[in-house]
Amino acid sequence: MNYANVMVKKTWHVVMAALCVGLTGCAAGPGGIDNWPVTNAEKNGFVGTVVDVQCELTGNCADNCGEGKRQLAVKTEEFGTVLAAKNLNFYSGAVDELWPFCAETVEVNGLFTEHQGVKFFQVQNVRQPGGKWLKATRYLQAWSERTGQPLSVASRWYDNDDRVKTILERDGRLGLGVEADQEYFQ
């Protein structure tokens, strides 16, 4: 087993746990941006058009941005195409926040973070320009509806999702295989 890989994975889990703890204490008002305890976090907001990333990059386009099954972005004049990688729910993306606005102009705000030159945007609020802000937490309700599981279970969706369970069984919790997990978690 590669010690460096294990340490990277361990560090990642510690960072994610700290992030989760930090997020639970956040309480910005409507349209407000919560702070995250991460390096190089920059509050920002912008206006752009919701686009299907695969369609933009390859020309392989689906109706209504793939009905929430494709990675989405916000195409702006100021920043170019911004990949919306995260929302306010633990371990979930921003697709459920954006796909109802496919091909429409929206205003979003949240945090940019950067690590080794790679920018990451976490959507915290979205609205049609001039409209009411919607907090970027729709994932839990959408997950509950997709899986038929109650909303009370959705708060820990990652422990109850069959797709996640399949990946963990195959790759282990560290992503290095089940044997690496057994050795590391002894």
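The values are calculated or read from the model by the stated rules, or taken from the named source; none is laboratory data. If you're wondering where the values come from, they're calculated on a predicted model, not measured in any experiment. Virtual Cβ from ideal backbone geometry, glycine too; neighbours counted across all protein chains shown.
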* Please verify whether the range 50-61 includes one or more residues that are within 19 Å of Val118 (Cα to Cα), modelled with pLDDT of 90 or more and either crowded, with 17+ Cβ neighbours inside 10 Å or touching a strand residue (DSSP E or B) at 6+ places or on another chain (Cβ under 6 Å) (or both). => yes
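Under the condition of being among the aliphatic types (A, V, I, L, M) and in contact (Cβ under 8 Å) with a residue 40 or more places away in the chain, which residue from the range 50-73 is nearest to Pro129 (Cα to Cα)? Even if it seems obvious, please write down each step before you answer.
Restricting attention to the range 50-73, the residues satisfying the condition of being among the aliphatic types (A, V, I, L, M) are 50-51, 53, 57, 62, 72-73.
When the remaining residues are screened for being in contact (Cβ under 8 Å) with a residue 40 or more places away in the chain, the result is 50-51.
Working: Val50: 13, Val51: 16 Å.
Residue satisfying both the conditions and the ranking: Val50.
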* Structure fact -> Flagged in the range 52-78 as under 16 Å from the mean Cα position of the chain (by Cα) and aliphatic (A, V, I, L, M), in numbering order, are Val53, Leu72, Ala73, Val74
* State the number of residues belonging to the range 68-112 that are of a type in the set (Val, Ile, Thr) and crowded, with 18+ Cβ neighbours inside 10 Å. => 5
* Asked: Regarding Phe90, is this residue at pLDDT 85 or above, aromatic (Phe, Trp, Tyr) and either out of contact with any Pro (no Cβ under 6 Å at 6 or more places or on another chain) or at positive phi (or both)?
  -> no
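Determine whether Arg127 is assigned by TED's automatic domain parsing to the domain that holds Gly80, of a type in the set (D, E, K, R) and in contact with a strand residue (DSSP E or B) (Cβ under 6 Å, 6 or more places away or on another chain). Give the steps one after another, and end with the answer.
Numbers: assigned by TED's automatic domain parsing to the domain that holds Gly80: yes; of a type in the set (D, E, K, R): yes; in contact with a strand residue (DSSP E or B) (Cβ under 6 Å, 6 or more places away or on another chain): yes.
When the stated conditions are applied, Arg127 passes them.
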* To do: Tell me, please, whether a residue that is under 25 Å from Ala41 (Cβ atoms), in contact with a Phe, Trp or Tyr (Cβ under 6 Å, 6 or more places away or on another chain), at pLDDT below 95 and small (Gly, Ala, Ser) can be found in the range 64-83.
  => no
* If the Cβ limit is 7 Å and pairs must be 6+ apart or interchain, which residue in the range 130-156 that is over 17 Å from Lys69 (Cα atoms) and at pLDDT 90 or above pairs with which residue that is of a type in the set (Gly, Ala, Ser) and part of a helix (DSSP H, G or I)? -> Pro150/Ser144; Leu151/Ser144; Ala154/Ser144
* Structure fact -> Out of (1) at pLDDT below 95; (2) assigned to a strand (DSSP E or B), the one Val126 does not meet is (1)
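In the list Thr39, Thr58, which residue meets the criterion of being in the same structural domain as Phe121 (by TED's automatic domain parsing) and either out of contact with any Ser or Thr (no Cβ under 9 Å at 6 or more places or on another chain) or on the phi > 0 side of the Ramachandran plot (or both)? Quick ask: steps written out before the conclusion?
Details: Thr39 fails: either out of contact with any Ser or Thr (no Cβ under 9 Å at 6 or more places or on another chain) or on the phi > 0 side of the Ramachandran plot (or both).
Just a single option satisfies the conditions, and that option is Thr58.
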* Evaluate the range 92-115: report whether one residue or more is closer than 27 Å to Asn160 by Cβ, in a loop (DSSP other than H, G, I, E, B) and in contact with a Ser or Thr (Cβ under 8 Å, 6 or more places away or on another chain). => no
* Structure fact -> By residue number, the members of the range 121-134 that are surrounded by fewer than 18 Cβ atoms within 10 Å (Cβ to Cβ) and in contact with a Leu (Cβ under 9 Å, 6 or more places away or on another chain) are Arg127
